[in-house]
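Since the structure comes first, as C-alpha cells, the remarks are kept for the end.
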Amino acid sequence: MEKYDLVVIGGGPAGYAAAIRAGQLGKKVACIELERAGGTCLNWGCIPTKTLLRSAELYQSMLHSEHFGFSCKGIDVDFEKVMARSRTVSETMGKGIEFLFKKNKVDYIVGRAQVTAPGIVEVTEGSDKGKAFSATNILIATGCKPKVIPGVEVDGERVLTSREILANKKQPKSIIVLGAGAIGVEFAYFLNAFGTEVTLVEMLPGVLPVEDEEVSKLLERSLKKQGMAIHTGTKAESIKVGKKGVSVELLKGDKKTTVEAECLLLAVGVGANTEGLLAGRVKLAMDRGFIKVDERYQTSMKGIYAAGDIIGAPWLAHVATYEAVQAVNGMFGAGEPKRVKDFPGCTYCQPQVASIGLTEQAAKEKGIAYKIGKFPFAASGKAVAVNHPEGFVKVIVDEKYGEILGAHILGADATELIAEFGLAMGLEATHEDIHSVIHAHPTLSEAMAEAAASVTGEAIHI
C-alpha cells in the first residue's frame, strides 16, 4: 500500500489548492477527483457561468450600441456556440490545474474515493478501483451539489439544476427560476439578456437576500426594468411537469397565482456531497449534513481534515481555497491556521453586486454605533463615460474610530472593486485611510474614495 503525507479527496478549489500547497511544502501528495480537476467551480460553476455572462454583456452592449454613436443591426446569436465556448474555457482551465499538479509532483487520480478507516483511503470507482492508500493526513474537500425538490425529477429537459443548464445547447423560450440567490440571479440575467422570458421566484423578501437591503431593492428594480418577472416573498406551492412545459403555483400571502414556462431551473441551494465518502466504521461529527471541524480544520477524527463547501457556508470558491491552504499550513507546521472572518461575496449579473463584512441591517441587529458613506456611480465621470451610471458604493464604518465594518457595491465591475475594501478591512484601515489614498482619475475606483469621504461629508462630487 503506497503511503502519502496527504491524500486529498476532491479536486475543486479547496482540493486542488490543498494538494498544490502540500506539494510546495515538499510533501508526498495524492489528489483523488471523481470527474475532472477543478471540481464544480471550474467545470460546472464559476468559470463556465462567467464565460456565459460575458457573452450576454457583449450582446447587450451591441444591442445598445447607439449610446456610443454606432449601430449594430441584424445580430445573429448562435446559442450553441455561446454554450460551447463555456465548455472550451473550462477545458482549458482544467488542463491548467493538471499541469500544476505535475509541476508540484501531486499524484492525480480520477475516481471516487472513500475513507475506509483512519489513515486509509480507497478508490471505489474508476480505473484505479480497489486501490488503497495509506495517509498520515486526509483532507476531505468534496464540496456540494445542487439541492432538488422532493417529488420533482430533474430530467435535464424540463427541470434543471445549474449542472444541467450548463450542458444545455438549446436556448429555452421561457424559464421559471426558483431561487434568487447568486446562482439563480446570474442564470436569470444570462437567459433574459438573450431574450428568454424569465420568471424569477424567491421565498424571502428580496433578490440576493443575503445582501444589504438597499442593494437588493435597487437590483430588483434593475432586473425588472430589463424585462424579468420577479416574485419575491413568494413560495412555490406545487410544481407540475408536462411534456411541453412546467407550471408552478405560487403563493404570496394569501394570494395564489400560476406561472408557466418551457422549463424550470432549481436554484434553491446546495447540499453536502458525501455520497460514498465514508465507510460505515468512519463516523465524523456532522452539522446539518456538513462536516464539523475545529479551528485547525480537523474533524472529530484525528488526522482527517475538511475544508471548503463540505464544512458549510459560505459556499464560495475563494473561501474554499483559503480554508484548504490554511488547513495544509497547519497540519504541516507552515503557519498557524486561521478560520475565515471577512470574505467578499460577488454576483456577476449586470449591474454587478459585491460586498464584504456587515450589512447595515446586521450592524443594527448587533447594536453597533455606525456611520454610512455612499456615492452614486451616476456622479462618476468614468461610469457615465462607459455608460454604466447605475448603482452606488456604500461603506459602513464604526462611529467612534472609523474602522470599516462592511462595504457594498452595486454597479459595473463591482466584483473587481470590492478587493480594495477587503484589503482595507484586513489591515483594519479606516474610511479616512481610504479617502487619503489618491485614486486615479477617471476610474470607477474613485467612487470608493468618494464613498469613504462622504462618511464625514467630505466627498467632492456629490
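What follows is calculated from the coordinates using simple rules that are stated; it is not laboratory data. In this text, all values refer to a predicted model and were calculated from it rather than measured experimentally. Note that we place each Cβ from the backbone using ideal geometry, even for glycine, and neighbour counts take in every protein chain shown.
Starting from the Cα of Asp155, step 7 Å toward the Cβ, then list every residue of the range 221-251 with an amide N under 19 Å from that point.
238-249
Any chance you could run the full-extension gain for Met1 through Lys243? It's 0.36 nm times the residue separation minus the Cα-Cα distance, nm to one decimal. Don't jump to the answer; show the numbers that get you there.
Working: separation 242, 0.36 × 242 = 87.12 nm, distance 5.24 nm.
Roughly 81.9 nm would be gained on extension.
Which net charge results for the neighbourhood of Leu191, defined as the other residues with beta-carbon distances under 14 angstrom from its beta-carbon, given Lys and Arg at +1 and Asp and Glu at -1? Spell out each step's value before the answer.
Values: positive: Lys169, Lys170, Lys173; negative: Glu57, Glu164, Glu186, Glu197, Glu262.
Computed value for this residue: -2.
How many Å³ per residue does the convex hull of the Cα positions in the chain occupy?
Details: hull volume 79.3 nm³, N = 462.
Enclosed volume per residue, from the Cα hull, is 172 Å³.
Give, in nm to one decimal, the length gained when the segment between Lys400 and Thr443 is fully stretched (0.36 nm per residue of separation minus the Cα-Cα distance). All intermediate terms of the calculation are to be shown ahead of the outcome.
Details: separation 43, 0.36 × 43 = 15.48 nm, distance 3.03 nm.
Computed gain between Lys400 and Thr443 is 12.5 nm.
What is the local net charge at Ala267, summed over the other residues whose Cβ is closer than 10 Å to its Cβ (Lys, Arg +1; Asp, Glu -1)?
Summing Lys and Arg as +1 and Asp and Glu as -1 gives -1.
Work out how much length Asn387 to Arg288 would gain on full extension: take 0.36 nm times their residue separation and subtract the Cα-Cα distance, in nm to one decimal. Don't jump to the answer; show the numbers that get you there.
Working: separation 99, 0.36 × 99 = 35.64 nm, distance 4.54 nm.
Gain in length upon complete extension: 31.1 nm.
Which ³J(HN,Hα) values, rounded to whole Hz and listed in residue order, are derived for the range 13-25 from phi using the Karplus coefficients 6.51, -1.76 and 1.60 in 6.51 cos²θ - 1.76 cosθ + 1.60 with θ = phi - 60°, glycine and proline given as x?
x, 7, x, 5, 5, 4, 5, 5, 4, 5, x, 4, 7
Rounded to the nearest 20 Debye, what is the dipole magnitude of the chain about its Cα centre when Lys and Arg each give +1 and Asp and Glu each give -1 at the C-beta?
Working: 52 positive and 55 negative charges, 278 e Å.
My answer is approximately 1340 debye.
Semi-axes of the range 351-454's equivalent ellipsoid from the Cα gyration tensor, sqrt of 5 times each eigenvalue, largest first, rounded to whole Å? Could the numbers behind the result be given before it?
Details: eigenvalues 100, 41, 25 Å².
Equivalent ellipsoid semi-axes, largest first: 22, 14, 11 Å.
For the range 159-268, what is the convex hull volume of the alpha-carbon atoms per residue, in Å³?
Working: hull volume 10.0 nm³, N = 110.
Output value, Cα hull per residue: 91 Å³.
For the pairs Lys95/Lys338; Lys302/Lys338; Lys28/Lys131; Lys145/Lys244; Lys173/Lys240; Lys50/Lys95, flag any whose C-alpha to C-alpha distance is greater than 21 Å. Could you put the intermediate results ahead of the total?
Values: Lys95/Lys338 30 Å; Lys302/Lys338 19 Å; Lys28/Lys131 17 Å; Lys145/Lys244 27 Å; Lys173/Lys240 18 Å; Lys50/Lys95 18 Å.
Lys95/Lys338; Lys145/Lys244, as the Cα separations exceed 21 Å there.
Explain nothing, just compute: Karplus ³J(HN,Hα) = 6.51 cos²θ - 1.76 cosθ + 1.60, θ = phi - 60°, for every residue of the range 201-209 in order, whole Hz, x for Gly and Pro.
Per residue, the Karplus-derived 3J(HN,Hα) values read 10, 9, 5, 7, x, x, 5, 6, x Hz.
Scan the range 15-94 for chymotrypsin sites (Phe, Trp or Tyr not before Pro) in coil per DSSP, keeping those whose Cβ has at most 14 other Cβ atoms within 10 Å, and list them by number. Don't skip to the end; give the middle numbers.
Details: sites: Tyr16, Trp44, Tyr59, Phe68, Phe70, Phe79; in loops: Phe70.
Loop-located and lightly packed - Phe70.
For Phe194, Phe343, what's the fewest-to-most ordering of other Cβ within 10 Å of each Cβ? Write down the numbers at each step before the final one.
Numbers: Phe194 17, Phe343 14.
Fewest to most other Cβ atoms nearby, the residues stand as Phe343, Phe194.
Provide the per-residue ³J(HN,Hα) series for the range 119-134, in order, calculated from phi with Karplus coefficients 6.51, -1.76, 1.60 and θ = phi - 60°, each as a whole number of Hz, with x at glycine and proline positions.
Using θ = phi - 60°, the values come out as x, 10, 10, 10, 7, 9, 9, x, 5, 9, 3, x, 6, 10, 10, 9 Hz.
Among the GluC sites (Glu not before Pro) within the range 245-287, which fall in a DSSP loop and have no more than 16 other Cβ atoms within 10 Å of their own Cβ? Spell out each step's value before the answer.
Working: sites: Glu249, Glu260, Glu262, Glu275; in loops: Glu262, Glu275.
Counting only loop positions with at most 16 other Cβ atoms within 10 Å, the GluC sites (Glu not before Pro) in the range 245-287 are Glu275.
In terms of modelled amide H atoms, which long-range or inter-chain residues lie less than 5 Å from the amide H of Tyr305?
Result for Tyr305 returns Ile138, Leu139, Ile140, Thr299.
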